[in-house]
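Visitor: Dropping a structure here in structure tokens format, bear with me for questions.
The values are calculated or read from the model by the stated rules, or taken from the named source; none is laboratory data. In this text, all values refer to a predicted model and were calculated from it rather than measured experimentally. Don't worry about glycine lacking a Cβ; one is built from the backbone with ideal geometry, like all the others, and counts go over all protein chains shown. Side chains included, ligands, DNA and RNA excluded: accessible areas come from the protein's heavy atoms. Shrake-Rupley method; radii C 1.70, N 1.55, O 1.52, S 1.80 Å.
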Amino acid sequence: MTPLQSVPSLGTHPAAGSHPTRAETREQLSKASYDLLVIGGGILGITTAWHAAQSGLRVAMVDAGDFAGATSSASSKLLHGGLRYLQTGAVKLVAENHFERRAVSRSVAPHLSNPLTFYLPVYKGGPHGAAKLGAGVFAYSALSAFRDGVGHVINAEKAARDVPELRTEGLRAVAVYGDGQMNDSRMALMTVRAAVDAGATVLNHAEVTGLRKTGGRVTGAELKDRTDGTEFGVDARLVLNATGPWVDHLRRMEDPHAAPSIRLSKGAHLVLKRTSPWRAALATPIDKYRITFALPWEDMLLLGTTDEPYEGDPADVAVNEADITQILDEAAFSIRDQQLSRDLITYSFAGLRVLPGGPGDTAKAKRETVVTEGKGGMLSIAGGKWTTFRHIGRTVMSKLAQLPGRPLADDMEPVGQLPKHMPLPGLANPHAVAHRLLVDGGTPGPRMAADTARHLATHYGSLSFDIARLASGDAALAERIHPDAPEIWAQVVYARDHEWAQTADDVLRRRTTLTIRGLDDDAIRGRVEELLAKRA
């Protein structure tokens, strides 16, 4: 199936400019004294580390697992204004979300995001009428200054041409609006790269085993490297707890009597093979508050999500039979049965939304970011949404600047003076990048396949040329990992040397799309592990 059996020298030489080894990073973390230690490498921790490093602070960031290894890689992959928030009158919030979505899609990371047209079907007996939804999508597009077109209503025949699997029985009309989409894992990794480029020191798979305290104040953390058991510590003037679903676990390390501050909601998704091309996504109302999505994503179809209270160990969250049944049943409101066969499912994943503590339906709870300070001075951040990740970073920095009696406030570059459109690494027009990869080839022998060129351009931007150079220097690295996926073996070496990949899951689930496509068989996993073991 793959041509690797004949390539014993695969990826033995690290790429130029590789990041420091884990041992070197541990030594740096142990010996330096940091202004800010961020515990948690989800998007909240990553964006804070990025903004803090940009403002001139000496920043360290650690995570017990992989960067974006939990909630932040289990999203619905959307950059969106939040259409449903209009129901609650949150007009200002929607406008702010739109601003951030446009900034990310057009100035910060156009190579990692793409526009997506949404169809919102109106069925006989559904929770909303055509007139209401038509007015809603018009208002939604108005809050985006009509930069993504004018929200409008089309007939069922037009919608069915763009979404062949759309169920047309009882379909009265379809409301249309525009939003954005991304690969959350890739967006997170590029933001880690941006933080490191700004001077941050980062380490994944490093678990906090205790907090360091000086005079009752939290001034660092004790850590254990999960890859080899090495124990070390980090000193910092301020510690930020950005551990997502584990935020209260770390708060209890600071204060054993700390009261719960959050509640968790489980969101599950399914990934399926598509039976035909889709030119739009579906956002189908289930009731007055919930929408189920069917999104063309990474050549697949992404269905979800659920919204159920969760009280177990965050590490144990998983998709169960009830989740699968619910997602398929809800998708069946608007999608024909042939696209919903269980045989088409290639992957499923679940994540935990972190919501402010309190009673009420989790589906109606606000997706807001909350920053609190503990008895030992540790700051804890929880909540928020992917679309506003840059705004969250700015918000945390403003909070740091306002802390009374903290030396950080004097050290920081004023938040207002930071560039509003700091781009992520690889910023480039993905179409131009793909064209250059196809024209220049970059690999020995046959030219790079068109789907590989497109894949690299939309997941790495201009950094694709680094991968092409790896492939050009070693014919084995130019080969596909699997015949049915666009990825090539050079991406594994690149993930190892430039993107902190430590495990096969790091590579196959978050740095490539092999796992979501259901193509991560034992042979491929074994070869990936061999490559990772050759780390310099």
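Results for (1) in a loop (DSSP other than H, G, I, E, B); (2) open to solvent by less than 10 Å² (accessible area, probe 1.4 Å); (3) at pLDDT below 95, shown as yes or no for each residue.
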| residue | (1), (2), (3) |
| --- | --- |
| 4 | no, yes, yes |
| 13 | yes, no, yes |
| 17 | yes, no, yes |
| 36 | no, yes, no |
| 65 | yes, no, no |
| 68 | yes, yes, no |
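Visitor: A follow-up question, please. Is it the case that some residue within the stretch 125-147 is part of a strand (DSSP E or B) and open to solvent by 10 Å² or more (accessible area, probe 1.4 Å)? Talk me through it step by step, then tell me what you get.
Guide: So the first thing to find is which residues in the stretch 125-147 are part of a strand (DSSP E or B), and the list is 147.
If we keep only those that are open to solvent by 10 Å² or more (accessible area, probe 1.4 Å) as well, we get 147.
Yes, the stretch 125-147 contains a residue that is part of a strand (DSSP E or B) and open to solvent by 10 Å² or more (accessible area, probe 1.4 Å).
Visitor: OK, next. Which residues, taken from the stretch 38-56, are part of a loop (DSSP other than H, G, I, E, B) and open to solvent by 10 Å² or more (accessible area, probe 1.4 Å)? Walk me through how you get there before you give the answer.
Guide: Taking the stretch 38-56 first, the residues part of a loop (DSSP other than H, G, I, E, B) are 40-42, 55-56.
Hits for the stretch 38-56 are 42, 56.
Visitor: It is to be established whether one or more residues within the stretch 276-297 are at pLDDT 95 or above, hydrophobic (A, V, I, L, M, F, W, C), over 26 Å from residue 157 (Cβ atoms) and buried (at least 16 other Cβ atoms within 10 Å of the Cβ).
Guide: No, the stretch 276-297 contains no residue that is at pLDDT 95 or above, hydrophobic (A, V, I, L, M, F, W, C), over 26 Å from residue 157 (Cβ atoms) and buried (at least 16 other Cβ atoms within 10 Å of the Cβ).
Visitor: Test residue 469 against the stated conditions and say whether it is more than 21 Å from residue 524 (Cα to Cα) and either assigned to a helix (DSSP H, G or I) or open to solvent by 40 Å² or more (accessible area, probe 1.4 Å) (or both).
Guide: On the way: more than 21 Å from residue 524 (Cα to Cα): yes; either assigned to a helix (DSSP H, G or I) or open to solvent by 40 Å² or more (accessible area, probe 1.4 Å) (or both): yes.
So residue 469 fits the description; yes.
Visitor: Here is a follow-up. Which numbered condition in (1) among the aliphatic types (A, V, I, L, M); (2) open to solvent by 30 Å² or more (accessible area, probe 1.4 Å); (3) part of a loop (DSSP other than H, G, I, E, B) is the only one that residue 485 fails?
Guide: All conditions are met except number (2).
Visitor: Filter the stretch 255-269 down to residues that are assigned to a strand (DSSP E or B) and of a type in the set (S, T, N, Q), then give me how many there are.
Guide: Matching residues across the stretch 255-269 total 1.
Visitor: Run down 196, 208, 137 and say which single residue is within 30 Å of residue 95 (Cβ to Cβ) and of a type in the set (Val, Ile, Thr).
Guide: On the way: 196 fails: within 30 Å of residue 95 (Cβ to Cβ); 208 fails: within 30 Å of residue 95 (Cβ to Cβ).
It is 137.
Visitor: Among residues belonging to the stretch 75-103 that are under 10 Å from the mean Cα position of the chain (by Cα) and open to solvent by 10 Å² or more (accessible area, probe 1.4 Å), point out the one that is farthest from residue 268 (Cα to Cα). Give the steps one after another, and end with the answer.
Guide: Going residue by residue through the stretch 75-103, those that are under 10 Å from the mean Cα position of the chain (by Cα) are 75-78.
Remaining after also requiring open to solvent by 10 Å² or more (accessible area, probe 1.4 Å): 75-76, 78.
Details: 75: 9, 76: 9, 78: 15 Å.
Of everything passing the filter in the stretch 75-103, 78 is farthest from residue 268 (Cα to Cα).
Visitor: Moving on to the next point. Say we look at the stretch 317-348 and pick out the residues that are in a loop (DSSP other than H, G, I, E, B) and within 23 Å of the chain's Cα centre (by Cα); which of these is surrounded by the most Cβ atoms within 10 Å (Cβ to Cβ)? I'd like the intermediate steps shown before the answer.
Guide: At the first step, the residues of the stretch 317-348 found to be in a loop (DSSP other than H, G, I, E, B) are 317-320, 332-334, 336, 341.
Okay, now just the ones that are also within 23 Å of the chain's Cα centre (by Cα), so 317-320.
Working: 317: 21, 318: 12, 319: 19, 320: 13.
Taking the candidates together, the pick is 317.
Visitor: How many residues does the stretch 228-241 contain that are within 28 Å of the chain's Cα centre (by Cα) and open to solvent by 70 Å² or more (accessible area, probe 1.4 Å)?
Guide: 1
Visitor: Tell me which of these residue 224 doesn't satisfy, since it passes every other one: (1) assigned to a strand (DSSP E or B); (2) over 16 Å from residue 38 (Cβ atoms); (3) open to solvent by less than 10 Å² (accessible area, probe 1.4 Å); (4) not small (Gly, Ala, Ser).
Guide: (3)
Visitor: Next question, about the same structure. Which ones in the stretch 184-200 are surrounded by fewer than 24 Cβ atoms within 10 Å (Cβ to Cβ) and either polar (S, T, N, Q) or more than 20 Å from the chain's Cα centre (by Cα) (or both)?
Guide: 198, 199
Visitor: Still on this structure, I have one more. Assess whether residue 446 counts as being open to solvent by 80 Å² or more (accessible area, probe 1.4 Å), of a type outside the set (Asp, Glu) and either modelled with pLDDT of 75 or more or over 30 Å from residue 236 (Cα atoms) (or both).
Guide: On the way: open to solvent by 80 Å² or more (accessible area, probe 1.4 Å): yes; of a type outside the set (Asp, Glu): yes; either modelled with pLDDT of 75 or more or over 30 Å from residue 236 (Cα atoms) (or both): yes.
Answer is yes for this residue.
Visitor: Another question, if that's okay. Return the pair list, or none, for Cβ contacts closer than 9 Å from residues in the stretch 281-305 that are in a loop (DSSP other than H, G, I, E, B) to residues that are β-branched (Val, Ile, Thr), at least 6 apart or on different chains.
Guide: So the pair list comes out as 286/292; 298/271; 298/513; 298/516; 299/513; 305/292; 305/327.
Visitor: Collect the residues in the stretch 306-347 that are of a type in the set (Ser, Thr, Tyr) and either closer than 25 Å to residue 157 by Cα or in contact with a Lys or Arg (Cβ under 9 Å, 6 or more places away or on another chain) (or both), keeping them in residue-number order. Step through it out loud before you land on a result.
Guide: Quick first cut of the stretch 306-347, residues of a type in the set (Ser, Thr, Tyr) only: 306, 310, 325, 334, 341, 346-347.
Those that are of a type in the set (Ser, Thr, Tyr) and either closer than 25 Å to residue 157 by Cα or in contact with a Lys or Arg (Cβ under 9 Å, 6 or more places away or on another chain) (or both): 306, 310, 334, 341, 346, 347.
Visitor: Then there is this: Could you tell me which residue of the stretch 488-536 is nearest to the chain's Cα centre (by Cα), considering only residues that are in a helix (DSSP H, G or I) and surrounded by fewer than 17 Cβ atoms within 10 Å (Cβ to Cβ)? Steps first, please.
Guide: Quick first cut of the stretch 488-536, residues in a helix (DSSP H, G or I) only: 490-498, 504-511, 522-533.
Checking the rest, the ones that are also surrounded by fewer than 17 Cβ atoms within 10 Å (Cβ to Cβ) come to 522-523, 526, 529-530, 533.
Numbers: 522: 26, 523: 27, 526: 26, 529: 24, 530: 27, 533: 26 Å.
Within the stretch 488-536, the match that is nearest to the chain's Cα centre (by Cα) is 529.
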